[in-house]
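Okay, structure first, notes after.
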2 protein chains.
Amino acid sequence: MEDILKRFQVSDGFFGQYQKLVLNTVIPYQEKVLKDEIPDAEKSHAIENFKLAAGEAEGEFYGFVFQDSDVAKWLEAASYGLAVRPDEEMEKHVDEVIALVGRAQQPNGYLDTYFTVKEPDKKWTNLGDWHELYCAGHMIEAGVANYQATKKTALLSIVTKLADHICDTFGEGKRRGVPGHPEVELALVRLYQATGNKKYLNMAKYFIDTRGTEPEYFTEEAKKQGDTSRGWKDRLDYAQAYAPLREQKEARGHAVRAVYLYSGMASVAKETNDVSLITACKNLWENITERKMYVTGAIGSAYEGEAFTKDFHLPNDTAYAETCASVGLIFFARRMLELEKDSKYADTMERALYNCVLAGMQLDGTRFFYVNPLEVVPGISGEAITHRHALPKRPKWFPCACCPPNVARLVASIAKYAWEEEQSTVYSHLFLDGTLTLGGDVKGKIKEETAYPYGNTVTYHFEPEEEYMELTLAVRLPYWSENTKITVNGEDAKAECRQGYAYITRKFSDKDFVTVTFDMEAKRIFAAEQVAADSGKIAFQRGPLVYCAEGVDNDGDVLGLRVKKDGVITVTDSNEFGGIKKIEVEGERVQSENSLYSIKRPGTSAVTITLVPYYVWGNRGENQMRVWMPEV
Amino acid sequence: MEDILKRFQVSDGFFGQYQKLVLNTVIPYQEKVLKDEIPDAEKSHAIENFKLAAGEAEGEFYGFVFQDSDVAKWLEAASYGLAVRPDEEMEKHVDEVIALVGRAQQPNGYLDTYFTVKEPDKKWTNLGDWHELYCAGHMIEAGVANYQATKKTALLSIVTKLADHICDTFGEGKRRGVPGHPEVELALVRLYQATGNKKYLNMAKYFIDTRGTEPEYFTEEAKKQGDTSRGWKDRLDYAQAYAPLREQKEARGHAVRAVYLYSGMASVAKETNDVSLITACKNLWENITERKMYVTGAIGSAYEGEAFTKDFHLPNDTAYAETCASVGLIFFARRMLELEKDSKYADTMERALYNCVLAGMQLDGTRFFYVNPLEVVPGISGEAITHRHALPKRPKWFPCACCPPNVARLVASIAKYAWEEEQSTVYSHLFLDGTLTLGGDVKGKIKEETAYPYGNTVTYHFEPEEEYMELTLAVRLPYWSENTKITVNGEDAKAECRQGYAYITRKFSDKDFVTVTFDMEAKRIFAAEQVAADSGKIAFQRGPLVYCAEGVDNDGDVLGLRVKKDGVITVTDSNEFGGIKKIEVEGERVQSENSLYSIKRPGTSAVTITLVPYYVWGNRGENQMRVWMPEV
């Protein structure tokens, strides 16, 4: 099947604009950052490190041990860009970087500039803390993406050689090992899917089978190094190695590592039809999404370890809520959909995408959040020792720059997440305005028209190659739409509904159209009472968009706002941010008292509270922001 | 004037019971801990360290660099105990420990077992991190207390020699230096007050004058040691050295260090009538009590650095709220009262005492909290990486055992905080059932009768030595009593009210009595809207006691409770905990939903919420606890 990115033409709608931003601005901007051409941005040195490894420059390695991954993720994003929209100039840049990567590769296939340049004797000696397999995974993903986009094999050959080297090094009868930071697992499955070579799948399966089993690898490795400085339980939680993966039921530790790992698990489970692994994936999914996820689709409650904490511990102000973790949650969700068609996976994909992930990028594409809190109070956020990570303003770049290219590669490849074809069933998981050319047995196009996420209808038009195309259109019924109406040619559709999808089977001619109308009233959202941080509070959502109150819309103060329990909610059009819908809701403002504690009930005045979509917050200067607001 | 502790005889009322617990149980228990005689408690080794320093035992120093201070604080508490209630057996124990301390002292007066035993070459080389002056301060306080209690001079001689050694070592023309952990400042003023030797006051003033002035001492010291690992701004904040003390307006850094320092500042300011220092004390007081204090009188919002954070940042669940910090706040408050008679100081003293400090000790006196959160959720509290410090259950002892002896010395010496005599004015700052023998020019006794903190009246009876005693009784009018009634012999009193005190001047005969009746209705408490953690929430207070909801009284779940805005509040008598008053308030219980987020408003059922005084929480097993509850 031809690459979906080449078969789906996004229109100039909401996501089309985002994709244009990523292609026109973000990817070129990030290339400049990697080449240290942006003044005032954090030094990257990532391309220079490859030159050093290739013996083409003098100097010292600079950056994290995983600095290479920034280049890999950029190559992946840029390759998606080329698939979506051919661009000779960009392709030349990509090819030049690929050639450089090739020259930096060692004759045996090894590829990691940190160890090549700085510590050649320490290759593969500390899988727990260093990131060779992680960087390899990202480069492998880039190789697959580049091949699928361009049909060129330069990078694919490099990463195949790299993967062969990994397969030669690790496994039964070879070295025992598992990656500290998962990523290579899902990448090896992608390489298997692209090449058909099963040894890559087996290698991924080995890493998954070995993790957390006795003798526990990281414990052994650290013992060898005489490292007793870290608490073992914490360390094993941190690295998702606290038990064999098939026995794990609780998402623990570093949130990004976790969801990358679970994505790899789901991929291996699918490819090997491994029932116990599928069960583990489902248990971990439930634990995250019903116990440990913010309403914005963010995950990771603590800065310490960038980690999951305990069930229902979801502090809004000190949330870690890393952009990458939500990107990873989307990876995991998309793979769960391949295991099981249940709208809960796509609902979560959408929740994370339209809220946490989009908020991770400034609207002009040049500044990024690593951390996406749900409550911000300037003077505390970014300043109190407990809040140094939760910045009130997006920085230009980060020393650890994992998030920006992750947003870029996700947005560029969004069609992968929106559509899925299985035999003659076409799944519409996410709603994007644009045209899909079918890639399987059914020949033709589906043109999707929608003003989503603001508009409440999606219309599918059909363009069969022949007279008609016989297929099942499976449309997700989002959890937030209490009453979704589906019509075919204006008449009530005969749709079969299963696990959150409406299945419409028909011979579609070019005159046919399916219209889905969502209930897009702005809604109050209630958190489970176990979430202490949200007690007595509500959030607002309209369609997939979670809303928040910002000071700039509310006389500079959000903390004093209370939402009226039965207050009227009004949705208004705004020209800000290129056109959004704001929510206005009746509320009260508590008058400031002079004393910290008072036995006198503070006065209140009636106000209209204005809310904007969470993804636009922080684009108008530093100010208070709150997603969950007390209700009175 | 004879020591107040010997002049005030507490009755068997609320505080009498506490004092009995401290004398009968806590002080003997702590002695056993210091002598490592309690099985299962954290190893202390503190007495053994003194034996090592005295050359009377073999082995290695064990414990923190400030382990000696546990012994000093126990000696101080035990000495207060001897003042309050002579006890030959205990006095023998105290004298034995004092003799040991004397044998551990170096010929030049130096006294610190860590450096004597373990690092004799490093004495006075790292004032920033190590705690020699801190330990010295505590031993000096113990020496003064022991002398005032027993008139024996053994420990006073030891600490005078130690103080002389400090005076010989530091100051203009000698070594420059300031203590990392303040304490010696307030102790030196106490030594000056006990001995009349002004050089101790001057030494205290030197430490206060030098702190934060250029060249900043800790920066210089760390430079000498080649230590560049700590951020200087953080470090200077941590150590209250970010500016000269007279210029500081914001309480920053380690909360205990801060309030110990401010106590020393207030003492020096009083003794030297230093106007700029008085102003700084007032500014810092305002900053703490109007920006950085919990409703329980707890201070220190962050585990990180055990520190103050930013104005209005008062998280309930991750609060550090160290018991010692509230003890120190009481020290500071008491000294501010000597500078200015304003009830706000005594109100805060009372707030901290009856809530945070008493909660620091289990009701049987054998277990202690270091950290006193205002919200506890078992499964998260004490377990999540962000909540490891906030235990749901009091441990037996701590490796760093500063808090238990601090509670003991405060409770044992409570009369110091309750009463103040200035010429012929007798201030009644705190309300304790018992009899005071006046110590100044006016001769006679005042017998105070009250069932405080539960009873709403305080009656003062007078027992003049002659026919009458002419004096001014100054009674604090607590902020929480909106309508305090004062009568003399049953008739409305002619009282002059100034800054929260009612002054009643009269020739009191033994037939006269003054009755104060407080408004002790249970009240809703509102936090300033800037406190994000308390938005939309209320707390309850009756008299000085802040209340909380515990699971054990509320069907095992507190997070689902909402207080009705206009609900009726009922106060009921309970036999639990030897007799307390509970509060019952109308509320709702939110029904648990199956999903983490819901667009359906969860159902509620009407419930009566039961609240208990905060100081008794955690005495009935681990369960949820909440001070601030959402209001609906």
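The values are calculated or read from the model by the stated rules, or taken from the named source; none is laboratory data. Computed from a prediction, not measured in an experiment: that's the story for all the values here. A quick note on method: Cβ atoms are made from the backbone with ideal geometry, for glycine too, and the neighbour counts reach across all protein chains shown. Protein only, heavy atoms only, side chains kept; ligands, DNA and RNA dropped before computing areas. Shrake-Rupley method; radii C 1.70, N 1.55, O 1.52, S 1.80 Å.
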Is there a residue being without any contact (Cβ under 8 Å) to a residue 24 or more places away in the chain and in contact with a helix residue (DSSP H, G or I) (Cβ under 9 Å, 6 or more places away or on another chain) anywhere in segment A:385-403? yes
Filter result (away from chain B (no Cβ under 13 Å) and not polar (S, T, N, Q)) within segment A:617-631: A:Trp617, A:Gly618, A:Arg620, A:Gly621, A:Glu622
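Pick out the one residue from A:Asp121, A:Asp87 that is surrounded by fewer than 23 Cβ atoms within 10 Å (Cβ to Cβ) and closer than 14 Å to A:Ala412 by Cβ.
Working: A:Asp121 fails: closer than 14 Å to A:Ala412 by Cβ.
Only one candidate qualifies: A:Asp87.
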I'm checking my understanding of the structure. Among residues of segment B:560-577 that are closer than 22 Å to A:Pro630 by Cα and in contact with a Gly (Cβ under 9 Å, 6 or more places away or on another chain), which one is surrounded by the most Cβ atoms within 10 Å (Cβ to Cβ)? B:Leu561
Could you tell me which residue of segment A:186-219 is least open to solvent (accessible area, probe 1.4 Å), considering only residues that are of a type in the set (D, E, K, R) and free of Cβ contacts under 8 Å to residues at least 40 places away in the same chain? A:Glu216
Applying the selection to segment B:158-180, what residues are without any contact (Cβ under 8 Å) to a residue 40 or more places away in the chain, of a type outside the set (D, E, K, R) and open to solvent by 20 Å² or more (accessible area, probe 1.4 Å)? B:Thr160, B:Gly173
Of all residues in segment A:380-423 being more than 14 Å from chain B (Cβ to nearest Cβ) and among the hydroxyl-bearing types (Ser, Thr, Tyr), which is surrounded by the most Cβ atoms within 10 Å (Cβ to Cβ)? A:Ser413
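Counting just the residues of segment A:361-379 that are open to solvent by less than 10 Å² (accessible area, probe 1.4 Å) and under 24 Å from B:Thr386 (Cα atoms), which one comes out farthest from the other protein chains (Cβ to nearest Cβ)?
Among them, the one singled out is A:Phe369.
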What number of residues in segment B:487-539 are outside any strand (DSSP E or B), polar (S, T, N, Q) and touching a Ser or Thr at 6+ places or on another chain (Cβ under 6 Å)? 0
I'd like to know if segment A:545-559 contains one or more residues that are more than 11 Å from chain B (Cβ to nearest Cβ), in contact (Cβ under 8 Å) with a residue 60 or more places away in the chain, touching a helix residue (DSSP H, G or I) at 6+ places or on another chain (Cβ under 6 Å) and open to solvent by less than 50 Å² (accessible area, probe 1.4 Å). yes
Test result for A:Val22, aliphatic (A, V, I, L, M), in a helix (DSSP H, G or I) and closer than 30 Å to A:Tyr427 by Cα: yes
Quick check: is even one residue across segment B:341-354 buried (at least 24 other Cβ atoms within 10 Å of the Cβ), assigned to a loop (DSSP other than H, G, I, E, B) and of a type in the set (Gly, Ala, Ser)? no
Go through the residues of segment A:267-287 one by one and say whether even a single one is farther than 24 Å from A:Leu391 by Cβ, within 14 Å of chain B (Cβ to nearest Cβ) and either open to solvent by 10 Å² or more (accessible area, probe 1.4 Å) or part of a loop (DSSP other than H, G, I, E, B) (or both). yes
What do you reckon, is A:Asp311 open to solvent by 10 Å² or more (accessible area, probe 1.4 Å), part of a loop (DSSP other than H, G, I, E, B) and modelled with pLDDT of 95 or more? yes
Inspect segment B:85-93 for any residue being part of a helix (DSSP H, G or I) and under 22 Å from B:Leu191 (Cα atoms) and give the result as yes or no. yes
Hits in segment A:429-449 (condition: in contact with a helix residue (DSSP H, G or I) (Cβ under 7 Å, 6 or more places away or on another chain) and closer than 21 Å to A:Asp342 by Cα): A:His429, A:Leu430, A:Leu432
Sole residue being of a type outside the set (D, E, K, R) and open to solvent by 20 Å² or more (accessible area, probe 1.4 Å), chosen from B:Phe66, B:Phe50, B:Phe8, B:Phe15: B:Phe66
Considering only segment A:508-522, state which residues are of a type outside the set (Gly, Ala, Ser), in contact with a strand residue (DSSP E or B) (Cβ under 8 Å, 6 or more places away or on another chain) and open to solvent by 20 Å² or more (accessible area, probe 1.4 Å). A:Asp510, A:Phe513, A:Thr515, A:Thr517, A:Glu521
Select the strands (runs of 3 or more DSSP E) contained entirely in segment B:362-472, then report the ones holding at least 1 residues which are at pLDDT below 95. B:419-422
Picking from A:Phe50, A:Phe66, A:Phe115, which residue would you name as being hydrophobic (A, V, I, L, M, F, W, C) and not in a helix (DSSP H, G or I)? A:Phe66
What about A:Glu37, is it assigned to a loop (DSSP other than H, G, I, E, B) and either in contact with a Leu (Cβ under 9 Å, 6 or more places away or on another chain) or under 20 Å from A:Leu156 (Cβ atoms) (or both)? no
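Looking only at segment B:560-591, how many residues end up being part of a strand (DSSP E or B) and either at the interface with another protein chain (Cβ under 7 Å from one of its Cβ atoms) or modelled with pLDDT under 95 (or both)?
Result for segment B:560-591: 2.
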Quick check on this structure: which one of A:Gln541, A:Gln499, A:Gln530 is modelled with pLDDT of 95 or more, within 14 Å of chain B (Cβ to nearest Cβ) and open to solvent by 20 Å² or more (accessible area, probe 1.4 Å)? A:Gln530
Listed by first then second residue, the pairs whose first member lies in segment A:292-311 and is within 7 Å of chain B (Cβ to nearest Cβ) and at positive phi, whose partner is open to solvent by 10 Å² or more (accessible area, probe 1.4 Å) and of a type in the set (A, V, I, L, M), with beta carbons under 7 Å and at least 6 positions apart or on separate chains, are A:Gly305/B:Ile385
Scanning segment B:24-71 residue by residue, those among the acidic types (Asp, Glu) and in contact with a Ser or Thr (Cβ under 7 Å, 6 or more places away or on another chain) turn out to be B:Asp36, B:Asp68, B:Asp70
Using beta carbons and a limit of 8 Å, which pairs, at least six apart or on different chains, have the first residue in segment A:253-270 and under 15 Å from A:Met336 (Cα atoms) and the second one open to solvent by 10 Å² or more (accessible area, probe 1.4 Å) and not in a helix (DSSP H, G or I)? A:Ala258/A:Arg252; A:Ala258/A:Phe308; A:Tyr260/A:His181; A:Val268/A:Asp274
Is there any pair with a first residue in segment A:592-616 that is within 14 Å of chain B (Cβ to nearest Cβ) and a second that is surrounded by fewer than 17 Cβ atoms within 10 Å (Cβ to Cβ) whose Cβ atoms are under 6 Å apart and which are 6 or more apart or on different chains, and what are they? A:Glu593/A:Pro602; A:Leu596/B:Glu290; A:Pro602/A:Gln591; A:Gly603/A:Gln591
